[in-house]
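The values are calculated or read from the model by the stated rules, or taken from the named source; none is laboratory data. Treat the numbers as computed from the prediction; the structure is a model and nothing was measured. Cβ: placed from backbone, ideal geometry, glycine included. Neighbour counts: every protein chain shown.
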Amino acid sequence: MIRVTLNLHPALELTDQLFYELCQENRQLRLERTAKGELIIMPTTDGETGHRHIEIAFQLQAWSRQTQLGIAFDSSTAFKLPNGAERSPSVAWIRRDRWEALTTEQKRRFPPLCPDFVVELCSNADALSTLKEKMQEYIKNGTHLGWLIDPQTQQVEVYRSGRESVTLQNPETLLGEYVLPNFVLDLKPIWLDVAS
C-alpha cells in the first residue's frame, strides 16, 4: 500500500471533531491531516520498521521514566499542531510541565501541542522528501529537536529550532542535547538487518 493524500476541500470540511471521529472509527488505518485540511492515509508499518520503532521508543521511554522530565509517545499518537495539522511522529516526547498544563479532555484526544522532540523513521513505503517536509513542519510549530532516521542509507538528519538541518552518516549514537539531557540513542540495533 502507498501513502494517499485526499484533498477534501471544498467538497467537505473535515473539522477537528469529524477528523477525531474518523480516526476512532478507522483505528486500523494510520491517518493524518495537513494544515490545509488534506487527509493523509498511510500504510501500516512493515515488520522491520515496527521492530525499529519499538527499539527507539523503548530507549526513549527508559530514559524518560528514569528522569521524570517528560512523557514519551509512540507512533499511534496524533498531535494537533499550532498550524492546525494533526501529525503522528514515529516517536515523540513532551516536557512534563507542558503535558500537565493540558486538561484531562485534551490528553484523551489529540493533544493540542507540538512535541518538544520527535523522531521520524523512514520505511520502504515513505518518500524521504515528504518526511523532510514533515520535520520542517514540526520545527516551525515548536519542536526543539528532531531526528529523521533512514535505516536504508544509515543516515540521520538532525533538526534543531533556529538552525539548518545537519546530515550524519552512519552514527553509532545520537545525543538528546539540552532537550533530552543525558539521553543517548544507541543506533546499532536500528542499523542491524532485522530480517536476518
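See the values below:
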| quantity | calculated |
| --- | --- |
| Test for residue 87: is it more than 20 Å from residue 187 (Cβ to Cβ), out of contact with any His (no Cβ under 9 Å at 6 or more places or on another chain), free of Cβ contacts under 8 Å to residues at least 60 places away in the same chain and of a type in the set (Lys, Arg) | yes |
| Answer from 54, 71, 40 - the residue that is under 17 Å from residue 120 (Cβ atoms), of a type outside the set (Lys, Arg) and either in contact with a Cys (Cβ under 9 Å, 6 or more places away or on another chain) or in a strand (DSSP E or B) (or both) | 40 |
| The one condition in (1) over 17 Å from the mean Cα position of the chain (by Cα); (2) over 19 Å from residue 56 (Cα atoms); (3) surrounded by 13 or more Cβ atoms within 10 Å (Cβ to Cβ); (4) not basic (Lys, Arg) that residue 166 fails to fulfil | (3) |
| Complete set of residues in the range 27-59 that are touching a His at 6+ places or on another chain (Cβ under 8 Å) and hydroxyl-bearing (Ser, Thr, Tyr) | 45 |
| Residue in the range 13-30 that is assigned to a loop (DSSP other than H, G, I, E, B), loosely packed, with under 15 Cβ neighbours inside 10 Å and either modelled with pLDDT of 90 or more or among the hydrophobic types (A, V, I, L, M, F, W, C) (or both) present | yes |
| Single match in 149, 139 (criterion: over 30 Å from residue 25 (Cα atoms), outside any strand (DSSP E or B) and at pLDDT 95 or above) | 139 |
| Whichever residue in the range 86-101 is of a type in the set (A, V, I, L, M, F, W, C) and in contact with a strand residue (DSSP E or B) (Cβ under 6 Å, 6 or more places away or on another chain) and, among such residues, is nearest to residue 42 (Cα to Cα) | 91 |
